[in-house]
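Take a look at the structure set out below.
The values are calculated or read from the model by the stated rules, or taken from the named source; none is laboratory data. Please read all numbers here as calculations on a predicted model, not as lab measurements. All Cβ positions, even for glycine, are placed from backbone atoms using ideal geometry, and neighbour counts span all protein chains on display. Each accessible area value is taken on the protein alone, full model and side chains, heavy atoms only, with ligands, DNA and RNA left out. Shrake-Rupley method; radii C 1.70, N 1.55, O 1.52, S 1.80 Å.
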Amino acid sequence: MFPVDPLSDVLSLLSARSLLSASLRAKGDWSIRFASDGVKFNAVLEGGCYLVSEGSEPRWLEAGDCFLLVNCGTHILCSDPSLTPLSPSEVFGPDHVGSIHADLPGECLFAVGGRVTFDDADAGLLLDALPPILFVSGKSREAAAIRWLLSRLGEEWDEKRAGGSVAADHLAQLLFVELIRVWLAQAETAAPGWMQALNDRRVGAAIRLLHGDPARNWRLQDLADAAGMSRSNFALRFRELAGISPLDYLLRWRIRLGAKALRSGAEPISAISYSLGYQSESAFSNAFKRITGVAPQQYRRDHQMAAASARKSGSIFGKPDA
């Protein structure tokens, strides 16, 4: 059995999916401004360019470098930060698989990009833990897997073999996970959050226990023993890193799992309650309403009505990228 992995648990909860959707081949003097709503990622496969984002100095990107953008407004990719940027509509055009390309004269850059989609109900769990721009250098020791993934992405994009679109999306999914892994390995300080707590050797061991058996009646002493710390020191360290207490973390994780189950099917609320460690449906309902503001039954009805409305309007497929 594969070891318990809280990051995988969160990505599964969010139904996180990475989709490779764009390529850029640019030459000479060029500058393009992109919208950065949601979560986007880009990787330079050949050549180099500048990344310019609001409030930051221009950063030079070389082959192997990648970055993840999290609701950061707009950003510019260019050969020279002094140039006036064009809008994507002035440069790009769709091709037969829905990807976008640009070909401009001069020295060649080849970069690919895409987006990460989530179940919006829990997206904040991940997005609030990530910086607006997450940058990973292709030269770093931790980025060996990323370098291999980029090489494979380039091959899939160029060779257009059967199944290439599916293969590219799977590679993009791995790239997204590797970007987060490398960022965690390199991050020295960050705002309190579950990712920082997970990255701590002792506190992370306790979080893995909580994710491995969320229905168990965990005591603070159990978790402190797993972390090899005293109860008081463990509780303090956990709160410093995660921003909440260990048992509050457990409560909120249970409620997120319960909400996912309510959205995903028609399983009785009583069964969901017992699967999460609650001794009665009312105990679960009280905890659920305290965290979400609505009772489980109402939460399920609201979600079903919203889903039915989305199907009727056709918006279930979402809006296309800008």
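Considering only Ile146, Ile32, Ile207, the Gaussian network model of the chain with Cα springs below 10 Å gives its largest mean-square fluctuation to Ile32. Taking the three principal axes of the alpha carbon atoms in the range 1-75, the coordinate ranges are 52, 25, 22 Å, sorted in descending order. In a solvent-free Debye calculation with one equal scatterer on each Cα, what is log10 I(q)/I(0) for the range 241-299 at q = 0.17, 0.18, 0.20 Å⁻¹, listed in the order of the q values? Each listed q corresponds, in turn, to -0.50, -0.56, -0.68.
If you take the beta carbon distance between Val294 and Glu240 as r and set R0 to 51 Å, what does 1/(1 + (r/R0)^6) give as a FRET efficiency, to the nearest 0.05? About 0.95, to the nearest 0.05. Its residues counted as N, the chain yields a C-alpha radius of gyration over 2.2 N^0.38 Å of 1.12. Computed with a 1.4 Å probe over protein heavy atoms only, the accessible area of Glu240 comes to about 100 Å². Counting only protein heavy atoms and using a 1.4 Å probe, what share of the accessible area of the chain belongs to carbon plus sulfur, as a whole percent? It is 52 percent, rounded to a whole number.
With helices defined as uninterrupted DSSP H runs, which ones in the chain have an alpha carbon span along their own long axis of at least 30 Å and mean Kyte-Doolittle hydropathy of at least 0.5?
Values: long enough: 164-186 (32 Å, 0.97).
Span-like helices in the chain: 164-186.
Label zone of Ser232 (point 7 Å out along Cα→Cβ, amide N under 17 Å): in the range 200-220 this covers 220.
Accessible area per residue for the chain, computed on protein heavy atoms with a 1.4 Å probe, is 51 Å².
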